[in-house]
Amino acid sequence: MTRSGSPADESGPLRTDSPGRTLSEAPRVAAVILAAGCSSRMGGANKLLLPVEGKPMLIHVVEAALASGLAAVRVVTGHEAERVNDLLRDYPLELVHNASFAQGMSSSLRSGLESLDQDIDAALVCLGDMPWVRASHLRGLVNRFAAERPGPICVPVYSDRQGNPVLWPRRFFDAICRLRGDVGARSLLGRHRDEIARVEVADDGVTVDIDDMDAL
């Protein structure tokens with residue numbers, strides 16, 4: 001069960017009654033949270049376990065995903081997997097261990113996407129070092145995806161800056177899984193500009209990540 005104190009969100013429930021789509025046809029969207037990296041710029045500390053506003057950085061991301069009403073939440077582990085497992089043991093999610101995490105972000109993307117059930121229509125690729133991403137951001141992306149068929153790639157935008165997480169429809173999963181090295185799925189956006197929906201958000205939580213101790 002989710003620990004007490006998981007944040008409620010002012011944006012209301014996830015909308016599933018988009019025009020032309022019945023409740024039974026609502027898309028099934030999963031979160032894939034990347035939490036496998038070595039935090040190489042943090043001087044030896046695992047940044048995802050460091051406190052931000054009173055709780056470990058990764059917990060902010062996990063609780064936002066769980067508060068969003070998604071079909072599933074997967075957390076991809078790698079570096080210090082046992083510590084991450086212990087941190088998340090009481091949350092209703094699935095841990096996916098990426099034994100090849102040292103090969104870079106693409107290997108974690110592949111592990112996360114390959115763990116999803118076949119009835120999942122899209123994946124929200126979330127970074128574990130973005131503690132100010134909120135459930136309202138995620139719901140906005142899912143609602144935009146649900147508004148048309150086929151659903152577009154949905155990218156959050158604040159003050160004309162593209163951010164994260166990005167929602168990827170299933171039709172792009174194979175291309176993402178073919179990536180190699182320390183690259184993320186955003187490297188594919190340039191090839192699919194005509195299939196992107198820019199989703200405006202009200203704050204900069206989708207553009208702020210924590211890479212080093214100065215940022216923390």
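In segment 78-95, what count of residues is obtained for those that are within 15 Å of residue 37 (Cα to Cα), surrounded by fewer than 22 Cβ atoms within 10 Å (Cβ to Cβ) and hydrophobic (A, V, I, L, M, F, W, C)? Give the steps one after another, and end with the answer.
In the first step, residues of segment 78-95 are kept if they are within 15 Å of residue 37 (Cα to Cα); the result is 78-85, 95.
Add one more test, that the residue is surrounded by fewer than 22 Cβ atoms within 10 Å (Cβ to Cβ), and what stays is 79-83, 85, 95.
After this cut, where a residue has to be hydrophobic (A, V, I, L, M, F, W, C) as well, the list is 81, 95.
Of the residues in that region, 2 qualify.
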>> For a quick check of your reading: which strands (runs of 3 or more DSSP E) sit entirely within segment 99-216 and have at least 2 residues that are more than 25 Å from residue 37 (Cβ to Cβ) and either touching a residue at least 24 places away in the same chain (Cβ under 8 Å) or of a type outside the set (Asp, Glu) (or both)?
In response: 196-200
> In segment 126-152, which residues are of a type in the set (Val, Ile, Thr) and in contact with a Leu (Cβ under 7 Å, 6 or more places away or on another chain)?
Replying inline: 142
> (1) surrounded by fewer than 22 Cβ atoms within 10 Å (Cβ to Cβ); (2) closer than 25 Å to residue 205 by Cβ; (3) without any contact (Cβ under 8 Å) to a residue 60 or more places away in the chain; (4) of a type in the set (A, V, I, L, M): which one isn't true of residue 75, the others all being true?
Replying inline: (1)
> Of the residues 45, 81, which is modelled with pLDDT under 95, out of contact with any helix residue (DSSP H, G or I) (no Cβ under 8 Å at 6 or more places or on another chain), over 30 Å from residue 152 (Cβ atoms) and of a type outside the set (Lys, Arg)?
Replying inline: 45
> Got at least one residue in segment 69-76 being of a type in the set (Gly, Ala, Ser), touching a Gly at 6+ places or on another chain (Cβ under 8 Å) and at pLDDT 95 or above?
Replying inline: no
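The values are calculated or read from the model by the stated rules, or taken from the named source; none is laboratory data. The structure presented is a predicted model; accordingly, all values stated were derived computationally and were not measured. Please note: Cβ atoms are built from the backbone with ideal geometry, for glycine as well, and neighbour counts cover all protein chains shown.
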